[in-house]
Amino acid sequence: MSDNNVLVEKKEGIGIITLNRPQAMNTFNVPLARELNDALRDMEKDHEVRVVVIDANGKHFSTGISLDEFKNKTNKEYREFIHLMDEHNHTIARMKKPVMASVKGYALANGAGLSFACDLTIAAEDAKFGTTAINVGLICLGPAAPLVRIVGRKKALEMVLLGEIIPAPEMLRLGLVNKVVPPEQLEEATLDWAKKLAEKSPLALQMGKAGVYGSQDMPYHEGLDMLGDMFAALCSTQDAEEGVKAFLEKRKPEWQER
């Protein structure tokens with residue numbers, strides 16, 4: 001097995017990033033966090049990649065930050081360390097391309113946060129999630145950033161303060177998971193969605209993601225106007241013209257813009 005903490009692969013317009021510390025339940029340490037963010041940024045710049053999937057080797061997606069990391073650091077060192085552990089939350093949100101999580105086993109603490117930060121999440125029906133840092137005297141504040149935007153303040157506080165383990169079907173009900181499938185179908189279901197996304201207009205996908213993220217921080221009417229302006233800009237592009245024309249001509253579109 002490779003010594004890399006993260007493995008990367010490309011196929012059919014899909015960039016696959018695989019967490020590769022199965023012997024440590026894919027816990028985050030400094031090398032894994034750096035390699036993950038580097039891989040995400042590389043995928044963003046790669047014109048052959050239209051959608052990114054994050055999955056994991058071994059039985060579990062990720063059980064958070066390695067507890068071995070929480071010792072012998074000054075406050076300044078902890079600040080730098082935690083900012084690195086949270087960096088994927090920034091990276092994924094700033095990416096133009098959609099990012100999917102494919103979750104099996106446990107996704108806990110920072111591992112759960114990585115799943116929350118992804119644009120879409122597909123989980124095995126026996127997967128389990130939890131913002132569990134409170135149970136060892138810590139607290140899941142990095143994961144809380146995407147979490148609170150999805151479920152709201154009260155549910156986010158419940159999850160972060162109680163630190164309970166939540167099964168995938170309940171995460172689906174909460175809107176933290178998009179789809180739950182039998183474990184043996186996880187890879188197939190993930191790639192099915194990824195392939196469908198890879199066939200869409202890259203420019204339309206970028207506009208869609210940027211619009212949804214951007215409008216979250218705006219008052220309703222301001223956000224609606226911004227989304228309308230973005231849609232109008234998209235309508236005047238070559239890809240939009242090609243998409244409509246291909247539909248009317250009953251053929252597959254040939255996207256040009258990235």
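Here, each number is a calculation from the coordinates, and none is a lab measurement. All values reported here derive from a predicted model rather than from experimental measurement. Cβ placement follows ideal geometry from the backbone for every residue including glycine, while neighbour counts extend to all protein chains displayed.
Numerical summary
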{"item": "The chain: Cα Rg divided by the 2.2 N^0.38 Å rule of thumb", "result": "1.04"}
{"item": "The range 5-52, relative contact order in percent, only Cα pairs under 8 angstrom and at least six apart counted", "result": "44"}
{"item": "For the range 1-52, Kirkwood radius (reciprocal of mean inverse C-alpha pair distance, Å)", "result": "11.4"}
{"item": "Computed lengthening from LEU67 to LYS45, 0.36 nm per intervening residue step minus Cα-Cα distance", "result": "4.6 nm"}
{"item": "Bridge type composition, the range 1-77 - antiparallel percent by DSSP, nearest 5", "result": "45"}
{"item": "Principal semi-axes in Å for the range 128-258 [√(5λ), Cα gyration tensor, largest first]", "result": "36, 22, 10"}
{"item": "Beta bridge orientation in the range 48-187: antiparallel %, DSSP, nearest 5", "result": "10"}
{"item": "Stretchable slack from LYS252 to LEU141, in nm (0.36 nm times residue separation minus alpha-carbon distance)", "result": "35.5 nm"}
{"item": "ASP225-GLU164 FRET efficiency (beta carbon distance; Förster radius 25 Å; 0.05 resolution)", "result": "0.05"}
{"item": "Added length on full extension, which subtracts the Cα-Cα distance from 0.36 nm per residue, ALA93 to ASP217", "result": "43.3 nm"}
{"item": "For the chain, calculated [θ]222 nm from helices alone, where every DSSP H run of n ≥ 4 adds -39500 (n - 2.57)", "result": "-15000 deg cm²/dmol"}
{"item": "Whole-Å distance, taken between Cα centres, linking the range 131-180 and the range 2-22", "result": "26"}
{"item": "Relative contact order %, the chain, counting alpha carbon pairs below 8 Å whose residues are six or more apart", "result": "16"}
